[in-house]
1. Using a Förster distance of 30 Å, how high is the FRET efficiency between L375 and E137, based on the Cβ-Cβ distance and rounded to 0.05?
2. In degrees between 0 and 90, to the nearest 10, how far off the longest principal axis of the chain does helix 308-324 point, with axes built from Cα atoms?
3. Would you mind calculating the relative contact order of the range 1-80 from Cα pairs under 8 angstrom and at least 6 residues apart, reporting the percent as a whole number?
4. Return the single residue from P26, P355, P120 with maximal mean-square fluctuation; model: Gaussian network over the chain, springs between Cα atoms under 10 Å.
5. Quick one: Cα centre-to-centre distance for the range 142-194 and the range 361-379, in angstrom?
6. Checking the a/c ratio against 1.5 first, then a/b against b/c, what shape does the Cα gyration tensor give for the range 193-267?
7. Nearest 500 deg cm²/dmol is fine: what mean residue ellipticity at 222 nm does the chain get from its DSSP H runs of n ≥ 4 alone, each adding -39,500 (n - 2.57), divided by its residue count?
8. Given an 8 Å cut-off on Cα distances and at least 6 residues of separation, report the relative contact order of the chain as a percent.
Amino acid sequence: MSRLDDGLNVDAGGFCRNPTSVYADPDLAERERQAFFAGHPHLVGLTGDLPEPGAFLTSDDLPTPLLATRDDDGRLRAFVNACRHRGVVLEERDRGGARRFTCPFHRWSYDIGGALVGIPNADHFGDPDKACLGLVELPALEEAGLLWVHPDPEGTIDLEEQLGPELQAELASWNLDELAYLGRDDYDVACNWKLAMDTFGETYHFPSLHSETIHLNFYGNVQCYDTYGRNHRMLLCKRDIDGLRDLPEDEWQITTAALPVYWLFPNVQLMPFAEGIHLVRAYPSSTDPGRHVSRITWYLRPGPAADPQFREMLTMISRGFGSIIRDEDYVVSASQQRTASSGAIDHVVFGRNEPALHHYHGTYRRMLNMEPLPLLEHP
Ligand code: FES
Ligand SMILES: [Fe+2]
């Protein structure tokens, strides 16, 4: 509120130049795919995506095809989504409920915990030891309502290291484990996944790009910004903040004043609001550095989740929010990609009021052992 009144925004203390090649270079795209998508734990959803034993979800967004389930004991499990006989993808649906996964090729079947439980004509096949042919299991961890899977069977998930205790505690305070899944939209966009992420990194563009949409409900050019290791949190300032001015401070709600945006490295934006949460995840194309898919999902808190009218309204609002990202943000992202792919300019500039971009690209480079981007006095 004081920043708003004083006309102050966050200040990174200088400029930095980001090479446009990071959005277009195929060799770098392969390196980041190995480091951040094959070799990094991923947020595959929230507790509400797997609401009861037998629930499953699949993902083809990472180099390893995933099948995540809630087993009979209620535990999160994750597997390579491939039959151990001759490798057919076992479950083609996005999400659902199942007692068994049955392969369409020769009807081998697996239970929800990944055990091989049926082989037709096993004596003809040669009676293999079923215990050796369960689904390949992947490391999985459910913590504070977040579902984490490592796409490498030998990988480890260390949230202390990845998020740190402070951010872990703050994420836990949102009670994300209570939320129910409501819906999802997917956008296939002609831009690098990092350009999609970059659009979430500042509110400098609200009065211009979103003049008829987001800017009607949010102040631009003002925010709070805090880092947590490789992650960070922005607070986007809602116009409703003015309604708090006449209220005693102990009645202030952060969700009235702001939209918190948690940027979880490498590809997640988590945006909690009073009745639920929006989750945006961006995944690179495996073949084209100039393409990515964004998956936008939304979830509801238990009270409102029970009311069909409220669900319908929130779905409409969430689809509307997603379509602003698609029709406004991602349009400029695709335009930035054309410039990056052409190589016509060799770098872009991040301003003092865009610290999230400094931090994100700095983290990205550090984790790939690239030269840091120096802080400059002049762009
Ligand atoms: S490939 Fe799955 S049963 Fe043969
Ligand atoms: Fe935007």
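1. Working: r = 45 Å, r/R0 = 1.48.
Working from the Cβ atoms, E equals 0.10.
2. Roughly 70 degrees between the two axes.
3. Numbers: 66 pairs, mean separation 13.5, N = 80.
17 percent.
4. Ranking P26, P355, P120 by mean-square fluctuation puts P120 first.
5. 25 Å
6. Numbers: a/c = 3.05, a/b = 1.36, b/c = 2.25.
Here the range 193-267 falls in the oblate category.
7. Values: 13 runs with 93 residues, N = 379.
Taken over the chain, the calculation gives -6000 deg cm²/dmol.
8. Values: 745 pairs, mean separation 87.9, N = 379.
Normalised by residue count, the contact order of the chain is 23 percent.
No value in this document is a laboratory result; all are computed from the given coordinates. Everything quoted here is computed from the prediction, not taken from an experiment. FYI the Cβ positions are ideal-geometry reconstructions off the backbone, even for glycines, and counts take in every protein chain you see.
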